[in-house]
1. Out of curiosity, is Ala129 open to solvent by 40 Å² or more (accessible area, probe 1.4 Å), in contact with a strand residue (DSSP E or B) (Cβ under 9 Å, 6 or more places away or on another chain), at pLDDT 95 or above and small (Gly, Ala, Ser)?
2. Looking at segment 32-54, is at least one residue out of contact with any Pro (no Cβ under 6 Å at 6 or more places or on another chain), free of Cβ contacts under 8 Å to residues at least 12 places away in the same chain and either under 25 Å from His130 (Cβ atoms) or not in a loop (DSSP other than H, G, I, E, B) (or both)?
3. Could you tell me how many of the residues in segment 1-30 are hydrophobic (A, V, I, L, M, F, W, C), open to solvent by 30 Å² or more (accessible area, probe 1.4 Å) and touching a residue at least 60 places away in the same chain (Cβ under 8 Å)?
4. Got at least one residue in segment 112-120 being modelled with pLDDT under 95, within 13 Å of the ligand (Cβ to nearest atom) and assigned to a loop (DSSP other than H, G, I, E, B)?
5. Answer yes or no: is there a residue in segment 136-144 that is open to solvent by 40 Å² or more (accessible area, probe 1.4 Å), hydrophobic (A, V, I, L, M, F, W, C) and either touching a residue at least 12 places away in the same chain (Cβ under 8 Å) or closer than 18 Å to Gln62 by Cα (or both).
6. Quick check: is even one residue across segment 137-145 at pLDDT below 95, touching an Asp or Glu at 6+ places or on another chain (Cβ under 8 Å) and within 28 Å of Asp29 (Cα to Cα)?
7. For segment 61-90, which residues satisfy the criterion of being of a type outside the set (Gly, Ala, Ser), loosely packed, with under 15 Cβ neighbours inside 10 Å and either part of a strand (DSSP E or B) or more than 7 Å from the ligand (Cβ to nearest atom) (or both)?
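The values are calculated or read from the model by the stated rules, or taken from the named source; none is laboratory data. Note that the coordinates shown come from a computational prediction; the quantities given were computed from them, not determined experimentally. A quick note on method: Cβ atoms are made from the backbone with ideal geometry, for glycine too, and the neighbour counts reach across all protein chains shown. Side chains are part of the model used for accessible areas, which takes the heavy atoms of the whole protein and leaves out ligands, DNA and RNA. Shrake-Rupley method; radii C 1.70, N 1.55, O 1.52, S 1.80 Å.
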Amino acid sequence: MDNSDLFVCIDHVGYAVPDLDEAIKLHCDTFGWRVLHRETNEEQGVEEAMLGTGEQGAQNAQIQLLAPLNDSSTIAKWLERNGGRGGVQQVAYRVEDIDAVSATLRERGVTLLYDAPKIGTGGSRIQFAHPKSTGGILLEIVEPPAAAAH
Ligand code: CMX
């Protein structure tokens, strides 16, 4: 796969937050984002909201607010490690073909967390690269559902 075919754009930046409603209020009332989508993802252990700007909504880069569903959530662990305060937990790159991109990254020595993509926000397909193989950033790779990609 050529480098120019790997990533489409930054899909979203994920913020770990202790309280989803409080975070929504801050980012919408103060910074002018709006909620595009809200859901609970039991498998990922998160309650989340995707925020967007402008008329284009999900076609623009988004912010993902991630609150822990329970104490064993990845987000609970992240918050604990960071003194209970919120912050940037991940950056997500949008791709058109997550299977091809995952194969290319594996060939290049990147450690991906899952054998096969899992289901993320709004039915997207997601994979993560471990921060130890990305220079310290938890990198999500996201293939949006077909209708949202175009
Ligand atoms: N960003 C950067 N570094 C991180 C990190 C993050 N979000 N989370 C952990 N790390 C670092 C730790 O600081 C630690 O570094 P040191 O060893 O230098 O201290 C190291 O990674 C720990 O790695 P680990 O023991 O393998 O794993 P953890 O239990 O800390 O979990 C990770 C890390 C990436 C495996 C876990 O967060 C994970 O599985 N993430 C993917 C799933 C996820 O984030 N789900 C929630 C979002 C869902 C969604 O986006 O839809």
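1. For Ala129, the condition - open to solvent by 40 Å² or more (accessible area, probe 1.4 Å), in contact with a strand residue (DSSP E or B) (Cβ under 9 Å, 6 or more places away or on another chain), at pLDDT 95 or above and small (Gly, Ala, Ser) - is not met.
2. no
3. 6
4. No, the conditions are met nowhere in segment 112-120.
5. The answer is yes; a qualifying residue exists.
6. Yes - at least one qualifying residue is present in segment 137-145.
7. Scanning segment 61-90 gives Asn70, Asp71, Glu80, Asn82, Arg85, Val88.
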